1. Using 1/(1 + (r/R0)^6) with R0 = 30 angstrom and r between the beta carbons of Thr158 and Ala19, what's the FRET efficiency to the nearest 0.05?
2. Modelling each spin label as a point 7 Å along the Cα-to-Cβ direction, I'd like the Ala360/Asp150 distance in nm, to one decimal.
3. Decide, for the stretch 176-290, between rounded, prolate and oblate: order the square roots of the alpha carbon gyration tensor eigenvalues as a ≥ b ≥ c, take rounded if a/c falls under 1.5, and otherwise choose prolate if a/b is larger than b/c, else oblate.
4. Does the stretch 7-165 classify as rounded, prolate or oblate by the C-alpha gyration tensor (a ≥ b ≥ c root eigenvalues; a/c under 1.5 gives rounded; else a/b over b/c gives prolate, otherwise oblate)?
5. What FRET efficiency do you get for Leu275 and Glu205 if R0 is 41 Å and r is their Cβ-Cβ distance, rounded to the nearest 0.05?
6. Mind running the shape call on the stretch 232-364? Use the C-alpha gyration tensor, a ≥ b ≥ c as the square roots of the eigenvalues: rounded below 1.5 for a/c, prolate if a/b tops b/c, oblate otherwise.
7. Using 0.36 nm times the number of residues separating Glu128 and Asp243, minus their current alpha carbon distance, what extension gain do you get?
8. State, to one decimal in nm, how far the label point of Glu401 lies from the label point of Ala296, with both points 7 Å from Cα in the Cβ direction.
Amino acid sequence: MGLSLYDSASRRIVPFEPADPARVRIYTCGPTVYRYAHIGNLRTYLLTDLLIRTLRLLGYGTFTVQNITDMGHMHQEQLEAGEDKVIAAARAAGKPAGEIARFFTEAFFRDCARMAFLPADVYPRASEHVPEMISLVRSLEDRGAVYGADGYLYFDVTKAPGYGIFSGAGLGEAEPAERTDAGIHRHKRRPEDFTLWMPAEPGREYQWESRWGRGWPGWHIECAAMAVKYLGPEFDVHVGGIDLRFPHHENSRAVVATATGKRFATVWMHAAHLLVEGKKMAKSAGNEHTLDDLAADPGGGGHGFSPADFRYYCLTLHYASPMNFTWEGQAAAARALSRLRGAIRRASRGGTSGEGAAAALRAEFCNVVSDDLNMPRALAVVHKAVRSGIGGDVARALAAEWDMVLAIGLLSETDAESETADVGFGAPEGVPDAVAALARERDALRSAGDYAGADALRERIRAAGYDVSDQGMGRGRLRKR
Ligand SMILES: [Zn+2]
């Protein structure tokens, strides 16, 4: 059975037909780097990881881009209020915005590594792509889709083909925008129109020269410009949280479709909300949990939950189902993962058995992940496999193959967090930078099919006191010798 995915734009399950199966192009809306990622953010990014891992299991190649919004105004309310989140955080901390952005970008990469997310091929920073944003606005201007005054530029949504694909909004139905003097709205003709460019207030840290005056770009143009630069005006899959569907995705799509006449993303995937104990996460509610909050035991004493425990918890639900995170649920997931690892360990230490069942189990796993990334059913296949009497090499091979998608340490030697470290991001703790760099270089060579070159690097890594083992997907893991 071929891969099929739910496309939020057409609101139906579609067969996945990438333009180039050897290079499936994927864009994910990334973090605004002014605070730590919470578990809701991580659940959304997990969707991209599961998509990439499933594609690779099925034999596709991937090319993925995730932006870093380092001049942040991710939330429309904030944008309406004209507030840049990164700058606001910097002001509160008494630090330059660039420093805040760098700090939380590093924190984001660390969280990605802890969650075992395969790294994107490119992480473009919004602040480094303003010329691309300006040139995209100019294309819109050439098409007569832009208006404004006093340094404010707006996109005229009536010029966008197919506007309303996500919101279902019929244009012209809304009342004309109220004439107010409130910030960025002041020259808007209709409520759906949105800001492409705003004038910089005096002393603003991030600002750029443009033909419309010194200023800064609106949010929707950021993702549009970066996606087009790295993936072209038409690519395979766009991923993001459901809360970004409107207006962000509606508007990014409108910009690109209007400027280029192309379709932008072929398939749109949205991860559902995560609630905590039935409530929306909010800083004020004190329930914006991070991986560190999960690691710290909520009851005091004991060891808390690992990122793999959280990952397993997420996998027990389909990505499009809202998730209600509870501490009891997390504890149950951690126990289930621990039992599963134990069962696989015992099975793989036994004699080889179950060759006959393996082919059917393998096919079943492929089928369920191909069905719109149905991870709850994939976990059910793993549980079924350990009950079916597989053993020895058969158990090890199946667990290794399935863990390429699930990435929950099925072959972990202990129930505690894996002692091994992914080398995709920066240096894992305790591993010298030079060794991590060699390991990354080796990964790149392996991905490119240069196995002789990769083997030579393995020897250099050994000489430095580390073993590197391959857990599939071309990713080496390091272990001290
Ligand atoms: Zn975006």
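Every number in this text was worked out from the coordinates using simple rules, so none of it is lab data. The structure presented is a predicted model; accordingly, all values stated were derived computationally and were not measured. Cβ: placed from backbone, ideal geometry, glycine included. Neighbour counts: every protein chain shown.
1. Details: r = 30 Å, r/R0 = 1.00.
With R0 = 30 Å, the Cβ-Cβ based efficiency is 0.50.
2. 7.3
3. Values: a/c = 1.71, a/b = 1.14, b/c = 1.49.
Since a/c reaches 1.5 but b/c is at least a/b, the shape of the stretch 176-290 is classed as oblate.
4. Working: a/c = 2.05, a/b = 1.13, b/c = 1.82.
Verdict is oblate for the stretch 7-165.
5. Working: r = 35 Å, r/R0 = 0.86.
After rounding, the FRET efficiency stands at 0.70.
6. Numbers: a/c = 3.44, a/b = 1.35, b/c = 2.54.
Oblate is the answer for the stretch 232-364, as a/c is 1.5 or above yet b/c matches or exceeds a/b.
7. Values: separation 115, 0.36 × 115 = 41.40 nm, distance 2.56 nm.
Between Glu128 and Asp243, full extension yields 38.8 nm more.
8. 4.3
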